[in-house]
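The values are calculated or read from the model by the stated rules, or taken from the named source; none is laboratory data. Just so you know, these numbers come straight off a predicted model, no measurement behind them. So basically every Cβ, Gly included, is an ideal-geometry build from the backbone, and we count neighbours across all protein chains shown. Side chains included, ligands, DNA and RNA excluded: accessible areas come from the protein's heavy atoms. Shrake-Rupley method; radii C 1.70, N 1.55, O 1.52, S 1.80 Å.
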Amino acid sequence: MSRSSSTIIAIDGRSGAGKSTLALELATLLRKHRPVSLFHLEDIYPGWDGLEAGIERYTKKVAEPLFWGETAHWFAWDWYQDRDGEKRTTAPAPVVIIEGVGANALQASRFIDAHIWVSLNDEDRKQRALERDGDTYAPHWDRWADQEERWLNSEDGPVIPDIEVNTARGSAAEAEAVLRALTELPAVRERFRPEIEEQRAIPAQAQTFQMPSGLTQDGAVLLFEKLFGASPEAFLLHSSSAGAVDPLGRNRYSILADASGALGAVATHVSGETTIRHQGATAKVPGPFFDWLDDAWDRRMTTTQPPVALEGLDFELGWMGWLGYELKREFGGSDVGGSPTSDAALIHAARAVVVDHETNNVHALAIEAPDSADFFDCVDRAMSSLGEETPSELIAPLVAFSNGFAVRDTHDSYVAKIKEAQREIFEGNTYEVCLTTTLNATATDVQPWQVYQALKDRSPAPYAVFGTFGDVSIASSSPERFMSMSREGLMRAEPIKGTRRRVADPTEDARLKEELATSTKDRAENIMIVDLLRNDLVRSADPATLRVPRLLAVESYATVHQMVSTIDAQLRPEVSRAEAVRAAFPAGSMTGAPKISTMGILDRLEDGHPRGIYSGAIGYFSRNGGMNLSVVIRTLVMKHLEDGTWDLSLGIGGAITADSNPEEEWDELRAKAFGVLSTLGTEFPG
C-alpha cells in the first residue's frame, strides 16, 4: 500500500493558544487553490479525563487512514451525555489540517507532513479559552491543564515542531505568516506551489523623492536613522565614499532596509539548520544553507516588471545580510565549529529605500501589501523632516572599554605561523596562504550606530555597511567586492591583494602608491588570486565569456592604497544563482590558493579559531536575480552579551607567499587595523 497524495498538517499547542482559529483561517486561505479537510481533536477526546485516550483514538482512527488515502471513520464524543455519540467521517483531501492538543504526539507523527506548535502566555490562554467556552470549560480548566502537563512531559509528548507560532497578535493575524512558513518546508513545499507563484507575481511599487540640497552621503545616514534606527534587524549598505571618482559606479547607490512589514522576514543559519521567522511564525529547515538559499531566492524571484529604473543597480528588494566564513564547510572546507555569531543572518527586505548619490533621487520600494501605503507615508514624512539636518552628534567615547584590544597572536607567534605557511608553500601544498588573526576587546558600553557613523567618516568605502541583527551589530568599511551578479547573469569578482598604509605627506604617499604598483610580491599575490577566482567563476560560467578587464589596478582610500583586479564571466543558464555563489565562497582573497587544501592549512595555523562574520560576505540577493556581496574586511563586530557587556572583534590578515617578509606582513596587519582602531580612539596592542 502506498500513502496518499494528501499533505497532512498538524496544529498543536496548549488549550486557549488559538489553534482552532488558526486552523480555520489557514484552511480559508488554502481553499483558494484546493479542497481542504479539517479535523478538531476536541470532537474525539473521550471526556474531561480523556486526553491520552483521545490521542490514541485520533492516531488510529483519523491520522493513519488519512495518511493511506482512506476516509477516516470515528465517533464524536457527546460531552453532555459523557459517551460516544454519532459516527462521523473525515474525507481525504489535497490538504488535511488536524488541530488540537496532541496533534503532534509522537505516536501520530509518522502520519504527519508538517508539525505546527502554537504558543501563548498562560494568562491569555486561559482568558481566551474561557471566553470561548464559558461555563462549560471553567470547572474543568485545572483538570484538563494537568493532563496537558503530564502529556507534554511524557515519552509520547509532542515531537519537535517544524513551525512555531506565537499568537499574541491573534491567530487570524498569523495565518498568512504560517502559510509563508509552510512554503519553507521541503517536505510540503510543492503542495503550495500556487501560493508561491502568486507571491512571485506580486509587483513592487515605488515612490521617488528628492534629497534636500546639501545632503549627499549624510542623507542616507539620516534616513536610516529615522526609518530603521529602532529596528531589531536592519542593514545599511552604504556607499560612504560617494563623490569619489569610480569608473565602475560602486559609489553611486546606498540601500536601507529592515525586516518590518507584512512580508518581512528574518533568516539565520547555525550548524546545519536554517531558521526563518515570518512575523509570528518560525520555520526550521535542516540542511545546508546554500540549499535553502537556492530555493528561497528562487521562490521570491519576481515575474513582474521593475517599478523604477535604477541604472547600474540590480536591486528590487529581496534578502539582505551576512554570510559567515564558516559556511566554507558546504564547499569543501572543514567545520571548526564554535562561531560566536550565526553562520548566516539575513532579512527579507519587502520594503527598502535606495539613495542615488549621483542624481540625489531617493526611491522608496515596497512589494505590494496591505501596509505598503503606510511605508510610503513614513518615508514621505522622514524626507520632509530632513531639511538641512546633520546626523546625530557623536558622543565620545564611542566605546567604554573594560580593557584595550588584545591580539590573539603575539608578534612572535604570528611570525612563526608565517614561516610555517611558507614551509607549506615550499613543500608544494599551497601557493598562497591568507593568514588571519583577531583583535578582541571587552567593553561596558558601546553605541554601535555611532561607531559606524564615525567609521564611515574616518574610512569611507564603496562597500561600507552598518547592520544590526539581534544582539550583534557590525560596522564595516570594506573596499572589496566579493561577487556581484546582474539580473542577466553577468558575474563579477574584484579581489584585493596588496596594501600600503597612507601617510599625510603627499610625496611619501605617492611613493608608497608607486611602491605598491610595482611590487613583485604584491603583483604575484594578486595574480594568484585572480587565477583562483577565474577558476571559481568558471565552475558556473561559460568559459568563453571569462574576462579580466582590469588587472593590478591601484585604488586609493582614506587610510590605505589597495591593488585590485576585476574578473567577469556569464552564468550558464542551467546553473542556479545560489549555486554560483556557493562555488565561489568564501572569497579567494581570504583563503589563498588552491582554495580547499589551503583552507585546511589555515584551520591548523589559526588553531581552529572560527573567523565568524570576518572573511565572509555581506550584501543582497534581489528578487530580480541581481546580487552584490562585499568581502567582510575592515569590519568591527559588536556582540551584546547576556551580562550587559560587549564583545568586540576585528579580524585582520594578509596573504603569505614564498617571498613574504614576516616583519612586513606584521606591519601590514597594523595598517589594515588602523582605520577601525583610530576611529575608536585606540591603537594596535603592543
Is it the case that Ile567 is among the β-branched types (Val, Ile, Thr), under 27 Å from the mean Cα position of the chain (by Cα), crowded, with 16+ Cβ neighbours inside 10 Å and more than 30 Å from Ser678 (Cα to Cα)? yes
Do any residues in segment 1-28 that are closer than 21 Å to Arg191 by Cβ and basic (Lys, Arg) have Cβ atoms under 8 Å from those of residues that are open to solvent by less than 20 Å² (accessible area, probe 1.4 Å) and part of a strand (DSSP E or B), where the two are at least six apart or on different chains, and which pairs are they? Lys19/Ile11; Lys19/Asp12; Lys19/Gly13; Lys19/Glu99; Lys19/Val118
Exception for Ser630 within (1) open to solvent by 10 Å² or more (accessible area, probe 1.4 Å); (2) within 26 Å of the chain's Cα centre (by Cα) falls at (1)
Of the residues that make up segment 156-178, is at least one touching a Pro at 6+ places or on another chain (Cβ under 8 Å), in contact (Cβ under 8 Å) with a residue 40 or more places away in the chain and over 29 Å from Lys639 (Cβ atoms)? no
Considering only residues of segment 28-51 that are assigned to a helix (DSSP H, G or I) and buried (at least 19 other Cβ atoms within 10 Å of the Cβ), which is nearest to the chain's Cα centre (by Cα)? Leu30
For segment 52-91, which residues satisfy the criterion of being assigned to a helix (DSSP H, G or I), small (Gly, Ala, Ser) and farther than 12 Å from Ser6 by Cβ? Ala53, Gly54
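Rundown of residues vs (1) modelled with pLDDT of 95 or more; (2) within 23 Å of Asp374 (Cβ to Cβ); (3) aliphatic (A, V, I, L, M), yes/no style:
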| site | (1), (2), (3) |
| --- | --- |
| Ser213 | no, no, no |
| Glu233 | yes, yes, no |
| Ala244 | no, no, yes |
| Arg277 | yes, yes, no |
| Arg300 | no, yes, no |
| Thr304 | no, yes, no |
Within the group Glu184, Glu197, Glu190, which residue is at pLDDT 95 or above, among the acidic types (Asp, Glu) and open to solvent by 40 Å² or more (accessible area, probe 1.4 Å)? Glu197
Looking only at segment 483-511, count every residue that is closer than 21 Å to Ala541 by Cβ and either open to solvent by 60 Å² or more (accessible area, probe 1.4 Å) or part of a strand (DSSP E or B) (or both) and tell me the total. 10
Please go through segment 527-549 and give me each residue that is open to solvent by less than 60 Å² (accessible area, probe 1.4 Å), more than 29 Å from the chain's Cα centre (by Cα) and touching a residue at least 24 places away in the same chain (Cβ under 8 Å), ordered by number. Met528, Thr545
Residue tally, condition exposed (fewer than 14 other Cβ atoms within 10 Å of the Cβ) and free of Cβ contacts under 8 Å to residues at least 24 places away in the same chain, over segment 133-149: 7
Looking only at segment 240-263, which residues are open to solvent by less than 30 Å² (accessible area, probe 1.4 Å) and either among the hydrophobic types (A, V, I, L, M, F, W, C) or under 12 Å from the mean Cα position of the chain (by Cα) (or both)? Ala242, Ile255, Leu256, Ala257, Asp258, Ala259, Leu263
Residue count, segment 55-95, condition on the phi > 0 side of the Ramachandran plot and in contact (Cβ under 8 Å) with a residue 40 or more places away in the chain, comes to 1
Options Arg623, Arg577, Arg572: the member that is surrounded by fewer than 18 Cβ atoms within 10 Å (Cβ to Cβ), modelled with pLDDT of 95 or more and under 27 Å from Arg492 (Cα atoms): Arg572
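Mind checking whether some residue in segment 594-611 is in a helix (DSSP H, G or I), over 29 Å from Asp298 (Cβ atoms) and hydroxyl-bearing (Ser, Thr, Tyr)?
yes
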Is it the case that segment 149-160 has a residue that's in a loop (DSSP other than H, G, I, E, B) and small (Gly, Ala, Ser)? yes
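Residue-by-condition table, conditions (1) of a type outside the set (A, V, I, L, M, F, W, C); (2) under 24 Å from Val336 (Cα atoms):
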| position | (1), (2) |
| --- | --- |
| Thr566 | yes, no |
| Gln570 | yes, no |
| Val575 | no, no |
| Gly592 | yes, yes |
| Gly600 | yes, yes |
| His609 | yes, yes |
| Gly612 | yes, yes |
| Ser615 | yes, yes |
